[in-house]
Amino acid sequence: MIIIEFENNITYGLNILKYRDINDDNWYYVYIDIETLNILLRNFGIISTLRLPTQKFNIDNPYTSKNIIMSYCNTNIQIYCGNNTYFYLPKLEENF
């Protein structure tokens, strides 16, 4: 299973996506467009949450859900995470 991170405001064209295996400490980067990101999240996404860098994180917040609320070219959109696989939520609270 992988954890992915990307900017809250996606633009037209290619955007940088950061990902890693949950059991690995190494991060990898890839350029991705909104259509490919949508397919990735609809087919394999389990849960989404908004993390603010350098702040203590708690998964029990209003942003943790099956929907990803983001901005695409300054327009608010939602993408649904379609995979219902079990995920150990406290894993998201790790400092990475």
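Over the stretch 2-93, the Kirkwood radius and the radius of gyration, each from Cα atoms, give a ratio Rg/Rh of 0.93. For ASP33, the residues 5 or more places off, or on other chains, whose built amide H falls under 5 Å of its own are ASN15.
Is there a quick way to get the dipole size of the stretch 2-93? I mean about its Cα centre, with the Cβ of Lys and Arg at +1 and of Asp and Glu at -1; what is the value in debye to the nearest 20?
Working: 7 positive and 9 negative charges, 38 e Å.
Charge dipole, the stretch 2-93, about its Cα centre: 180 debye, nearest 20.
None of the figures in this text is laboratory data; all of them are computed from the coordinates on show. Just so you know, these numbers come straight off a predicted model, no measurement behind them. Neighbour counts run over all protein chains shown; Cβ positions are idealised from the backbone, glycine included.
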